[in-house]
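Here's the structure we're looking at; comments come further down.
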Amino acid sequence: MHVHELNPKRTVIAMVIFVVVIVVGLLTLTNPRLKYNVEPPQAITITTDFSSGVNAKEIDNLLSASTSPTILIDIRNHYEFARGHIASAINISAVELLNKENIKWLNELKEDQATVIIYGESHLQANSPWMVLQQLGFDNVTYLSGGYSNYMQFKNTKGENNEFATYEADKAKYNFAEIAKETLGSDVTNTSKKKHTIVKRKKKGKATAGGC
Amino acid sequence: MGPLIPNEIITGQWDFVIALLIGGAFGFVLEASGFSSSRNIAGVFYGYNFVVLRVFFTGMIVAMVGLLYFSYMGWINIDLVFVLPTYLNSMLLGGFIMGLGFVIGGFCPGTSYTAAAIGKIDGMVFAGSTLIGIFLFAEFFPLFEGFYYANNLGNITIGEMFGLSNEVIAFAFVVIAIVAFYVTWLIEKRVRKNMTEYKFE
Amino acid sequence: MNKNYLFLALLMIFLAAGLLFLPERHNYQQIKPQDLMWEAVQTTRYVTVDQVANMIIEGDPTLELVDVRDIDEYEKFSLKNAVNIPFDSLLCPNYQDYLGIEDMNVIFYGNDDIKADQAWMIARRMGYQNLYVMNGGLNSWIDCIIKPQRPEETASLSEFENYEFRKGASIYFTGSKIETSTNKSSVKVVRRKKGAAVAGGC
């Protein structure tokens, strides 16, 4: 009677192919050009600090001070830049900032302990590129609070301590609870407080059961 | 990159094509390993042939190690790979029934089809009976539904359960597999001494 | 025993041991910084308060509002059916289930859009999909939906239509009419022109 066994030769051939695939895979492994140097939880603590930006009031002093080099980067597009920008600003869009040369440049600036300030039209525009740069490890990068529009209003009003001088992000303009009370009929005030919970587990791919 | 369908590299409609290819390859390996012979399969229980154990253990450790290397190289996202939920009661009973079927019928479901494909009548009977079994199971499912879903551990892996990394588990399994290969080889050697139809190398 | 088996066994152990000694490498699930930056400059993630109001009113089943403000702010006031995930606890394991639900559109909002946008950035980096930011946040919600301003007389028709929607939405959300309808049905009386003088006479 003939008894099957694993064919040693065939097994060796299969195994060699397996090893070759793994070795080729490991050899061709390239490290990504850019890596996050900040873990997400740290990134959250960095970004929740709303005082990390530069105020409209401070920026001129910072630029004129000769103690530490300061680079000002305008991340808006060319047209907006051409229509008006803060003096001494360089125009580099946020996406271009991650170019090979610019990353090299930013690294050099970081080594020189130079401050890099980015700004956009609004606070919002510069905020997310700033977050990306922070997460890449450029902790010398900061942003102009309130953005260019706020800066211009600060310049135009010439006030030293008005609301434009110190822009505050994510501030509630109204007392929402008061408005809710004012406008809502008194019997429905509590309806919006209901907590909504969804209990659903993240699926691990699609279910396809298999067996032998 | 992978898994291809959850990452939407190819659409879900491809899964039948992939199933067909993998199924074909699986059948080929089963047949090539001699699993269409119920003697080989039942041999595990009598101790004269552990080829089933060796083939499946080899397949398992190669897949395990390969998957972890692929995950390391970024070719597959191991978190998206589907993990069967573990229903402890059903798994225990199911394993018992499967083993029983193994030793009585001499086939497991997959090998009964390969046996049927090469024209074995017992394979065809076995394959047909599995369909009857499936029908009966489905009809009487409400009776033991509670038992079926009892002790649900969720989509858990051994690594998650013991708090070990997948790499450690894979290494442990490779060692266990190789020890098992050696032990079964010893058992086979001893058992086959008394059997005339086996020539042992 | 075949020598090949010995070789194979050793090879397998070697490969498995190799796994243990590979240098650490991760970040597969997180999206690449370049891609994150590219998405950060797009404005497609912003939805207007009008769109959000419309989705709430229509009962859009795919809508999931996430309030990123602190818990006490959330308890004072929040949008209908919003879930509270304070920004600093965005990564807590028990909140993860809210973000990764298939086919749900998660809309972050805060007082302003800054915090919501930051939450978007972190969640997007973690690889979650279908995330949006409510443009202007609750400030804008009050300005536009709860206390809509009547547009200038010279405004375009679409602005007036938008205003009508907002007024309706305001009534929907507050349950009361906050301003008396100025919606005078302007019936234009078009007088029939008498045409060119029909010369007549005798």
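What is the calculated FRET efficiency for residue A:77 to residue C:6, with r their C-beta to C-beta distance and R₀ = 56 Å, to the nearest 0.05? Plugging the Cβ-Cβ distance into 1/(1 + (r/R0)^6) gives 0.25. Compared with the alpha-carbon gap, the fully stretched path from residue C:103 to residue C:171 is longer by 21.5 nm at 0.36 nm per residue.
Return the whole-Å distance between the Cα centroid of region A:68-93 and the Cα centroid of region C:95-160. First find each Cα centre; the distance between them is then 28 Å. Since only C:52, C:40, C:66 are under comparison, the one whose Cα sits farthest along the positive direction of the charge dipole of region C:33-143, derived from C-beta charges on Lys, Arg, Asp and Glu, is C:40.
Once you keep just the Cα pairs under 8 angstrom separated by 6 or more residues, what percentage relative contact order results for region C:33-143? RCO, region C:33-143: 32 percent.
Under a plain spin-label model, where a point goes 7 Å from the Cα along Cα-to-Cβ, how far apart in nm are residue A:45 and residue B:13? The two pseudo-label positions are separated by 5.1 nm. For region B:58-167, the fraction of 1.4 Å probe accessible surface lying on carbon and sulfur atoms is 74 percent.
Mean partner shielding of peptide A:34-47, defined as the number of other chain Cβ atoms within 10 Å of each residue Cβ, is 4. Residue pairs exceeding 31 angstrom between C-alpha atoms, taken from A:9/B:193; A:35/C:76; C:76/C:167; A:155/C:167: A:35/C:76; A:155/C:167. Note on residue B:125: accessible area is roughly 90 Å² with a 1.4 Å probe, heavy atoms of protein only. Give the calculated FRET efficiency between residue B:84 and residue C:54 to the nearest 0.05, with a Förster radius of 56 Å applied to their Cβ-Cβ distance. It comes out at approximately 0.85. Placing a pseudo-label 7 Å from each Cα along the Cα-to-Cβ vector at residue A:29 and residue A:108 gives an inter-label distance of 3.3 nm. Remark: spin-label model distance residue C:153-residue A:171 equals 3.6 nm, labels positioned 7 Å along the Cα→Cβ axis. For residue A:110, the aspartates and glutamates whose Cα comes closer than 15 Å to its Cα, not counting residues fewer than 8 places off in the same chain, are A:101, A:139. When +1 charges are put on Lys and Arg Cβ atoms and -1 charges on Asp and Glu Cβ atoms, the dipole computed for region C:1-157 relative to its Cα centre reaches about 860 debye. Chains A and C together bury roughly 5600 Å² of accessible area, counting both sides, with a 1.4 Å probe on protein heavy atoms only. How high is the FRET efficiency from residue B:60 to residue C:163, r the C-beta distance, R0 45 Å, rounded to 0.05? E between residue B:60 and residue C:163, to the nearest 0.05, is 0.10.
Scanning residues 5 or more positions from residue A:117 or on other chains, those with amide H under 5 Å from its amide H are A:71, A:72, A:73, A:142, with H placed 1.01 Å from N in the peptide plane.
For region A:53-88, there are no residues whose amide N sits under 14 Å from a probe point set 7 Å from the Cα of residue C:44 along the beta carbon direction.
Taking every C-alpha pair closer than 8 Å and separated by at least 6 residues, the mean separation divided by the residue count of region B:84-156 gives a relative contact order of 56 percent.
The values are calculated or read from the model by the stated rules, or taken from the named source; none is laboratory data. Note that the structure is predicted; figures quoted are calculated from it, not measured. Because the Cβ atoms are built from the backbone with ideal geometry, glycine has one as well, and the counts that use them run over all protein chains shown. SASA here: full protein model, heavy atoms, side chains in, ligands and nucleic acids out. Shrake-Rupley method; radii C 1.70, N 1.55, O 1.52, S 1.80 Å.
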